[in-house]
Each structure stands twice: as C-alpha cells, then as structure tokens.
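Just below is one structure, and these are the notes that go with it.
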Amino acid sequence: MAKKTTTSGWGLYPRVDASVRRAHYRRDLRTDDETSVLPQGSCRSYGDACLHDHVVSTLPLKHLLDFDPEQGLLRAEAGVTIEDLIRFAVPRGFFPPVTPGTKFPTLGGCIAADVHGKNHHADGSIAGFVEDLEMVLADGSQVHCSRHRLPDLFWATLGGMGLTGFVYAATLRLKKISSAYIQQRSIKTANFAETCRIFAETQQQCTYSVAWIDSLKKGRQLGRGLILLGEHAPADQIKKKELFPLHAGSRLDVPFFFPDFALNTWSMRAFNTLYYHHQWSHSSTTTIHYNPYFYPLDMVHRWNRIYGRKGFLQYQVVVPFADGEEIMADVLGRIVHRGIPSLLTVLKTLGPANEGLLSFPIAGYTLALDIPFRNTDIMPFLRELNKSIVDAKGRVYLAKDAILEKEDFAAMYPKLEEFKRVKRLYDPEHRFRSRQSDRLGIT
Amino acid sequence: MRALVLGAKSAIAQAIVERLDGYDFALAARDSEELAPFAADLRLKRSCAVELIEFDALDTDALERFPHKVHDQCGPFDLVVLVFGYLGDQRAAERDTTAMARSLNVNFTGAAIALSHLANYLEESGKAGGIIGICSVAGDRGRQSNYLYGAAKGGLAIFLQGLRNRLASTPVHVLTVKPGFVDTPMTQDLDGLFLVASPAKVADDIVRAYKKKKDVLYTPFFWRWIMLIIKLVPERVFKKLKL
Ligand SMILES: Cc1cc2nc3c(=O)[nH]c(=O)nc-3n(C[C@H](O)[C@H](O)[C@H](O)COP(=O)(O)OP(=O)(O)OC[C@H]3O[C@@H](n4cnc5c(N)ncnc54)[C@H](O)[C@@H]3O)c2cc1C
Ligand SMILES: NC(=O)c1ccc[n+]([C@@H]2O[C@H](COP(=O)([O-])OP(=O)(O)OC[C@H]3O[C@@H](n4cnc5c(N)ncnc54)[C@H](OP(=O)(O)O)[C@@H]3O)[C@@H](O)[C@H]2O)c1
C-alpha cells in the first residue's frame, strides 16, 4: 500500500489524504493498481477537481517529443508545464496560444480544464489549438483523439476534468511572436458600467484584455478598476538588447500561513487604493515583458498562504451578455457588501462557447475573486449566489469550484447528460473519479 | 564527448544527463525503448546526439562485448556513468536465494564485470575520460535493515577504489559517489527516511565533483560526517542497535 500524503488544490480547501503514484513512463498510466484513480498535474486548480483518494501524478512526464518550427506544432507529454513550454518556445519565437494566469499548470491540467486566457474573446480556449491527444483509457488501451478522430472522446476530455482517461501527450499549435514583450495599454474606469462599456469598445481590436476590479468600492464606484489591454509587441518597437529574453525565477515567498487578521478590510483597502491610484492618468501605454503581463501572481511563491490556514475559494462565474452587466453588478455588489477581502478580483469578457461538453467558457462576462474561508456562514451565501447564476443561465468554473451543488451543476451545464453518456462509453466502471465528480454526481 | 549511462531510466541518471553540458549520450537500460521521450526531449532542447541501447546487468555473458556494441551502435565514448542498482526487500531476501542473488549480482557482480570491460575500453582508447560509479552510504557499514544491498554497494566502492588506483596513471578519472537518501522510485514506498535529497541536488553535486576530479563524493555533503560518526560507533554497541 502506497503512503498517504495530504493533498489540496491551490485554495488549500478541501484537503484529502491520498496515495500519490508518480507516473514516469506511459506504462505507469494505468487504472488497475487502485479501484479508481485521478490524473493529477500541478494542483493549480483551486478546489477539489484535482483531489481523490488515489491520484497518479503526471509531473514526471515532462518531455517534449517533437517540434515542427514551420507549423509551430509542439508534441509534448502531459506533465510539461506552461513554464517548460515557454522556456522552449520563446527563444524560438513562439508562445503558448492560450495561457492561464499562472505558468505552473501542466499541459494535461490545461486540457482537462479547457483553460481560457486573456485572449478568449479573440482566440477561444485552448481546445482550438489542440491538434491531437494521446490518451490511455480505463481499459488500458492507447488511443489518439482529435476533432476528427473519436471527436466524442475529444470534446469530453477538453474540459472533462480528468474523468475520461489519462492524457499522455498532446500536440499543440503554438503562436508565432516577434518578441517576448507585450504592449500594454491600461485604462482607468470609474464604475462597473464604464468598465463594461470599455470592454465593448475594445473587444474587436485587442488580442488580450482583462479588468482588475477594486473589490472594496461600493455604490457609485462599484466596479471601478483598471482595464489592461495587450498585444505582442512587434520587433521594431523593442529597444532592448535581446528580443526574446526568458523570465527569471521568483524570489519572493510566503514562508508561513498568514494569521486570519492580517488580511482585513483595512489592509485590503490600502492595497486596492494603492493599486488603483498607482496610475495617475486615465490611460497609459507601456511595453512590458510577458512575465509581469501574464503572470503577476507568480512573482510571489506560495501566495495562497496569505489567506490563512483555512484556505480560500476562488469563485469564478460567467453569465451571458444579455442582462450580464446588471447581473454581474448585482453579484459583485453582494460580495462587496459582505466585505469579503479578495486580493484580486478580475472581470473579463469571453467569446463564444466551443463543443466541449463541460467546457466553462460561454459568451459573456466572467468574474473571478478570492473568498477566504473564515466563518462557516459563507457557504449559504455562496449557494445563494449560485442560484442567481443558474437563473441567469450562467455557470461556475469547475477548475475553481469546491462547493457547487449537484442540482445547480446540472442546471449550469446542459451538455452534462451527453458527457455522462460518453463517459459510460469509455469508462463504464468509473475508474476515473474525483472528489468533485463524486460531489457533483458525475460518478 | 559522449557519455554512456548505465541504468538511464533512474531519476538520478536523468538528472545527471541534464547537467552534463556538451556531451552526446548513449543511454543504456532494460527496455531502452521507453527512454524515447527522454531522448527526444534532450535532442530538442540541447541539439545533442542521443542513442538508446539495451543493457541488462544480469546478462553477464554479454558484458564483455558490451563496450564494442556501444561503440558500434552509438559511436566512441569517453565517460561511463554507472547508475543502475537494485534495493530489494532485505527481510524477504534473507530466505530467498533468487532475491539474494539478484541484489548481489546487480549491485556488485554485474556492475564490477561491466566496469572492468568498460575500463579496458576507455584505457585502450587512450583519450581523457572518466568513470562515475554510484554506490551508497549503505555500503559504509552493515546494518540489519539492508546489509545485502549494503554489502554489494560496499563491494562496488572497493572495486572502484582499486580501479582508480589502476587508472591513476592514465587520463581516465574515477569518481565514487555515495548518496544518502534520495527521493526516487527506489525509495517511494519506504518509511522512516530522513534528510531526503532531490535527484537534482545529488546530480548537481556529482557533476561538479566530476569536473573537479574528486575521488569520493558523499552527497549531500553532510553524509560524510554522519557516516564518519556511524563508523566510529564500536561494534560492541553497534551490533545491538536497531538500524
Ligand atoms: C493563479 C492562478 C491563475 C489561474 N488563471 C486561470 C486562467 O486565467 N484561466 C483558466 O482557465 N484557468 C486558470 N487557472 C486554473 C488552472 O489553469 C487550471 O485549474 C488547470 O487545470 C491547472 O492545471 P494543473 O496542472 O495544476 O492540474 P491539476 O489542478 O492538478 O488538475 C486539474 C484537473 O486536470 C486533470 N488532469 C491533470 N492532468 C491530467 C492528465 N494528464 N490527463 C487527464 N486529466 C488531467 C485533473 O484530473 C483535474 O481534474 C488559474 C489557476 C491559478 C492558481
Ligand atoms: N534513492 C536512494 O535513496 C539512493 C540512495 C543511495 C544510492 N542510490 C543508488 O542510486 C542509483 C540510482 O537509483 P535511483 O534512486 O535513481 O533508483 P531507481 O530509479 O530505482 O533506479 C534504479 C535503476 O536501476 C536499473 N536496474 C535495476 N536492475 C537492473 C539490471 N539488472 N540491469 C540494468 N539496470 C537495472 C533500473 O532499471 P529498470 O527501470 O529497468 O528497473 C532503474 O532504472 C542506484 O544505484 C541506487 O542504488 C539510491
């Protein structure tokens, strides 16, 4: 019997004592050692999507297998992280086509969550760039799937949170870039309506966009923030020695859990106000390296400890554009009203949905914020919020979820029955399951 | 420069390979085909030549021809890194001849025979080169929990010492490595480990020590002092300890 280790997602809630078997070779991706298993990457999902009593860690599967510089096609094992990918791709003039807000997730984890980046409104989620998946299924068989080959398996796996089988390797189409830099334009907004209006105005022309929201402002200033727009900077705009420098490692660390009182409304207010007023002018343009642009949070190692030992939830929802502005303003208003100290609150627009059966993105506004677990009465409050999201035909992002209820989940994901059908086909005995899939009634 | 790595599937072996700049590689292992992803990754990132070759330390009859097989299939080589090893279950092996023989034959007999022929090859090639042999702190003093493995690894350390003496007048350098506990598949299910090092840390030390032409390396360094103290405990006392 393998040893038990305490595992948790990035939100440090919940924690599960699990046996962790590390996969070094493709043959280690099997289901017959345990009654049921879950593939696990970097545990950068926040809640219980990456948790189960028996997990198979794909982190040692970190090899790049093939690269075609003409087409920008990279074939790599699932445990390769976005950072590994960047280290290889940037010096060769390429970048991940879609990246989450941290570079530590694995390719397998990004596929399982069908991640979206700041360019979702323009480019869609990562699924659009996955040309082929090499999988190991519940019965041990090795298959390829893609939009053309076993498309049912492909669209159940992209966004399927590890429940269809092990992704061993994937072929990803990279994006060509002409420098490692981003031209960033930031626009200060006065309130929620203005934030939404500027999104609407800039959608068409920009590749990357995201808004940081001052989560402590109420009333007329509710939803004020900074919209950050970005483009890959062309080579002739760069006045540096090197066009493709890589990032350095992070130096800052949170070596211990912050006590609960450290993050209170006052310290948060100071932080938010400073951040907002950091920029004086209404709009400003700068050229910055990809690292601070895409991965500001990676600068501080283990920053998830600042919310204390009890951990936190990242609450991310999307609602369709129709009435989206009012609904998001209402949701944000209720959260702000409770005085929830979220260090980072982010609003973004998403483009059209893809065929992923459990993929999160649908066209609309998505809001993400941190909710620390301090007192227990936060649960009923969040469940109330979820009801409003259901009413608005919106949904919660599974990669961040730890508390969603079965019924709400089923209402949010109309293709759930289709997903279950495909899962029965490829994994009739539920060899693949997670805490989340048990909670949500998928397994 | 080409390095021949014996037991290239080990996590420590791969960490060493990643740190040996400027080398091409012949990676030897059982079922060496499984190393294809590792080899592909190396070729892509480092643009070096990487060849895979079958090797089983228990196939004693093949060991004499092995250096020439490597030479023919992969090209001439000047560095040999011997990493393979087999821990086994001490308690079970005490009553099981096959298990007993396996531990002795992999860790000592196979290793010593392979290295003898490889040393001849390196010496005859007349080029500057080296041998890195991975032993273990377990070979410094016999303990009830792993003396079979320990005896074989201790034997290998003495073998390497003799080889170093023999090759001292040639340009072939011999480095003996004695790691403490390392976090690898070998130790994944063991309890009661302490001061566990990462393969990366151990490999950093090994490559640095080889470049500096060190003779014996304890890694991490504090194991030298820990083993010194352990070796100083009088046998009268030591034999009663539950170690
Ligand atoms: C700071 C931060 C910012 C983030 N920003 C974004 C963002 O902008 N956009 C976004 O979409 N997400 C974002 N995320 C979420 C993150 O990208 C996803 O949760 C991603 O799934 C994490 O990948 P991982 O390797 O850590 O996987 P884990 O968290 O370990 O696992 C996540 C899921 O992937 C499955 N899985 C992992 N490997 C495999 C495999 N080889 N085969 C099959 N299934 C597998 C697991 O079973 C699990 O269901 C962010 C997370 C953090 C911490
Ligand atoms: N881990 C520790 O704490 C520790 C401490 C001190 C010393 N060491 C030594 O460090 C070395 C590397 O071990 P590791 O920790 O990296 O463990 P590992 O991953 O288990 O590596 C051992 C390797 O030896 C190979 N091997 C076993 N029998 C073989 C045979 N008959 N022929 C060829 N190869 C064979 C195995 O190959 P297969 O994959 O084909 O089985 C495996 O790749 C070993 O010599 C070990 O004794 C380890």
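Readers should treat all values here as calculations from the given coordinates under stated rules, not as data from a laboratory. This structure is a prediction, so every number in the text was calculated from the model and none was measured. Don't worry about glycine lacking a Cβ; one is built from the backbone with ideal geometry, like all the others, and counts go over all protein chains shown.
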With an 8 Å Cα cut-off and a minimum separation of 6 or more residues, compute the relative contact order for chain B in percent. 19 percent
Peptides ranked, highest mean first, by Cβ atoms within 10 Å: ranges A:300-309, A:38-47, A:58-67: A:38-47, A:58-67, A:300-309
Can you sort A:HIS52, A:HIS121 from fewest to most other Cβ atoms within 10 Å of each residue's own Cβ? A:HIS121, A:HIS52
Placing each pseudo-label 7 Å from Cα in the direction of the beta carbon, B:LYS239 and B:THR98 end up separated by a distance in nanometres of 3.4 nm
Normalised alpha carbon radius of gyration of segment A:146-226 [divisor 2.2 N^0.38 Å]: 1.68
Let me spell out the model: positive unit charges on the Cβ of Lys and Arg, negative unit charges on the Cβ of Asp and Glu, origin at the Cα centre of segment B:95-202. What dipole size does that give, in debye rounded to 20? 240 debye
Provide, as a two-decimal number, the C-alpha radius of gyration of segment A:331-403 over 2.2 N^0.38 Å, N being how many residues it has. 1.16
Compute the projected area of the convex hull of the Cα atoms of segment A:181-410, averaged over all viewing directions, and report it in nm² to one decimal place. 14.1 nm²
Could you pull out which residues in segment A:264-302 have an amide N less than 11 Å from a spot 7 Å beyond the Cα of A:GLU194, following the Cα-Cβ vector? A:282-283
Using r as the Cβ-Cβ distance of A:LYS218 and B:LYS212, and R0 as 41 Å, what FRET efficiency do you calculate, to the nearest 0.05? 0.05
Between A:LYS175 and residues 5 or more places away or on another chain, the pairs with built amide H atoms under 5 Å apart involve A:PHE95
Fraction in percent of alpha-carbon pairs per bin - 10 Å, segment A:1-108: 14, 41, 30, 13, 2
Give me the Kirkwood hydrodynamic radius of segment A:286-443 in Å, from all C-alpha pairs, to one decimal place? 17.3 Å
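From the C-alpha gyration tensor of chain A, pull out the three semi-axes of the equivalent ellipsoid (sqrt of 5λ each), sorted largest to smallest, in whole Å.
Those come to 32, 27, 21 Å.
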How large are Rg and Dmax for segment B:40-192 when calculated on the C-alpha trace, in angstrom? 16.6, 49
Just how large is the dipole of the protein assembly as shown about the Cα centre, in debye to the nearest 20, putting +1 at every Lys and Arg Cβ and -1 at every Asp and Glu Cβ? 2280 debye
What length, rounded to one decimal in nm, is gained on full extension from A:GLU231 through to A:ASP253, with 0.36 nm per residue of separation minus their alpha-carbon distance? 4.9 nm
Would you work out the relative contact order for chain A, in percent, from Cα pairs under 8 angstrom that are 6 or more residues apart? 19 percent
Report the relative contact order of segment A:355-443, percent, no decimals, based on alpha-carbon pairs under 8 angstrom and at least 6 residues apart. 31 percent
Highest GNM mean-square fluctuation among A:VAL254, A:VAL115, A:VAL20, for chain A with Cα springs under 10 Å, belongs to A:VAL254
Residue order, fewest to most beta carbons within 10 Å, for A:ASP84, B:ASP72: B:ASP72, A:ASP84
At 7 Å along the Cα-to-beta-carbon direction for both A:TYR25 and A:ARG374, put a label point, then send me their distance in nm to one decimal. 5.3 nm
How do A:CYS110, A:CYS196 rank when sorted from fewest to most other Cβ atoms within 10 Å of their own Cβ? A:CYS196, A:CYS110
Which value, in debye to the nearest 20, gives the size of the charge dipole of segment B:2-238 about its Cα centre, when Lys and Arg are +1 and Asp and Glu are -1 at the Cβ? 1020 debye
Bounding extents of segment A:39-192 in its principal axis frame from Cα atoms, largest first in Å, are 53, 41, 29
Considering only A:PRO69, A:ASN119, A:PRO97, whose Cα is most displaced toward the positive end of the charge dipole of segment A:64-177, charges sitting on Cβ of Lys, Arg (+1) and Asp, Glu (-1)? A:ASN119
Quick one: which residues, 5+ away or cross-chain, put their amide H under 5 Å from the amide H of B:VAL216? H built at 1.01 Å from N. B:THR176
Under 15 Å from a point placed 7 Å out from the Cα of A:ARG269 along the Cα-to-Cβ direction: which residues of segment A:339-365 have their backbone N that close? A:339-342
In whole Hz, the Karplus estimates of ³J(HN,Hα) for segment B:229-243 (6.51, -1.76, 1.60; θ = phi - 60°; x where Gly or Pro) are 5, 4, 6, 7, 5, x, 3, 3, 7, 4, 5, 8, 6, 8, 10
Just to be sure I understand: of the beta bridges DSSP finds with both ends in the protein assembly as shown, what percent are antiparallel, rounded to 5? 65 percent
What FRET efficiency comes out for B:ASP21 versus B:ASN120 if R0 is 41 angstrom and r is the Cβ-Cβ distance? Round to the nearest 0.05. 0.90
